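Everything on this sheet refers to the single structure shown next.
Computed from the coordinates by the stated procedures, all read-outs in this text should not be read as laboratory data. A quick note: this is a predicted structure, and the numbers were derived from the prediction, not measured. With ideal geometry, Cβ positions are generated from the backbone for all residues, glycine too; neighbour counts draw on all protein chains shown.
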Amino acid sequence: MTVAIISGSGFLGRHVALRLLAHGKKPLVVHRGLEKANLPDSVAIAHADRVDEERLADILSANDVNAVIDIFALSAANTLGVMRAAKRIGARYVLTSSVDVYSNYAGLLRKGTAPVRIEPATEDSPLRQMRYPYRGNSRRPAGVSEDLFENYDKLVLEEALAGMSMDWSVVRPPMIFGPDDKQRRFGWIVDNARPGVAFAIDERAYGWLNSYGYVEDVAEAMVLAATHPNAAGQIYNAGQDFVRPAHAWAERVLPLLGLNNPVVKADAGSGVWADRADAMDLTYPLTLDTRKIRQELGFAEVVSEDVALDRTLSFYR
């Protein structure tokens, strides 16, 4: 079985290729070729711009691709051509979606007044009603052009996919951490820890609940969505099977840095994450219930949390 990974030379795509090899599948990484793909020789490489539908369809057809995992699907402009290319050759299309499709995300950004949902979102939980969440939002992840983020919306892509007559699956990951993560998901702890000084978190952020997923584990979920027969036409949350508040994450990570700092609440407007608390309504959690993918596809973490955190923190250092 050959599985194409579109925009697959980076952080998540590389691990998807490695997990496909572990499952005995043939990965084909398709990317623009602007950066070196740090992959084994057993991984096939093809070069194409993701908006070039004809070129993509030719590559997929020539390599007898059975499934397409789309890593960098951000907007309709940069994604619909990939969907159509997969449809033309009869391959399953797997969309990398996001936890941000759920209604809590609109409240978190202060762009909606949906009720706060404390419990982790299941795949059937209410979705946000607002669209294009980064429009007018200065807090944007690094490394993506302004025009893409103006039209960014995973929910729009999910709706487009559901309207296409083809084989598809959707994976909704949370914040993904691991080596080479440009967003440094635990940088807020590493960068602010000082020996002998209490680790103070803004009281508004101290108890904020947020889900995470280690990159290799999320890659495993993507592979199962692409290859498991039960995944056709299904949506899956993917991430850790537990949720910690911000202070508990600090308490978990600090000892791994060789520190025994106490973690304390700071007054509003001071301490770690004061800027985030100013910009967002942190009464809205951003958490996922991942039981469905575990029960239906047999998903389980491939890396222990201790190893995942050690690898991540070693990268930061």
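Couple of notes before you dig in:
- If the convex hull is drawn through the Cα atoms of region 4-57, its volume per residue in Å³: 70
- Each of HIS15, HIS31 has some number of other Cβ atoms within 10 Å of its Cβ, and from fewest to most they run HIS31, HIS15.
- Backbone HN-Hα couplings from phi across region 166-175 [Karplus 6.51/-1.76/1.60, Hz, Gly and Pro as x]: 7, 7, 8, 8, 10, 10, 10, x, x, 5
- Sequence of LEU224, LEU256 once ranked by neighbouring C-beta atoms within 10 Å, starting from the fewest: LEU256, LEU224
- Kirkwood analysis of the chain, using all unique Cα-Cα pairs, places the hydrodynamic radius at 20.2 Å.
- Dipole magnitude for region 138-256: computed about the Cα centre from +1 point charges on Lys and Arg Cβ and -1 point charges on Asp and Glu Cβ, it is near 440 debye.
- Ranking PRO40, GLY81, ILE235 by how far each Cα lies toward the positive end of the dipole of the chain (charges on Cβ) leaves GLY81 at the top.
- Protection proxy ranking for 194-205, 260-271, 151-162, using the average of other Cβ atoms within 10 Å per residue and placing the highest first: 151-162, 194-205, 260-271.
- Per-bin percent of Cα-Cα distances, region 9-153 [10 Å]: 10, 34, 32, 20, 5, 0
- log₁₀ of I(q)/I(0) at q = 0.18, 0.20, 0.34 Å⁻¹ - region 238-280, Debye sum with one point per alpha carbon: -0.68, -0.79, -1.12
- The string of couplings for region 264-279 from the Karplus curve (6.51, -1.76, 1.60, θ = phi - 60°) is 10, 7, 10, 4, 4, x, 9, x, 5, 6, 4, 5, 5, 5, 5, 8 Hz, one whole number per residue in order, with x for Gly and Pro.
- Only Lys, Arg (+1) and Asp, Glu (-1) charged, at Cβ; region 1-153 dipole about Cα centre in debye: 280
- Placing +1 on the Cβ of every Lys and Arg and -1 on the Cβ of every Asp and Glu, with nothing else charged, gives the chain a dipole about its Cα centre of roughly 120 debye.
- Helix content alone sets the calculated 222 nm mean residue ellipticity of the chain: runs of n ≥ 4 DSSP H residues at -39500 (n - 2.57) each, divided across all residues, give -9000 deg cm²/dmol.
- Taking one quarter of the surface of the C-alpha convex hull of region 67-130 gives a mean projected area of 5.3 nm².
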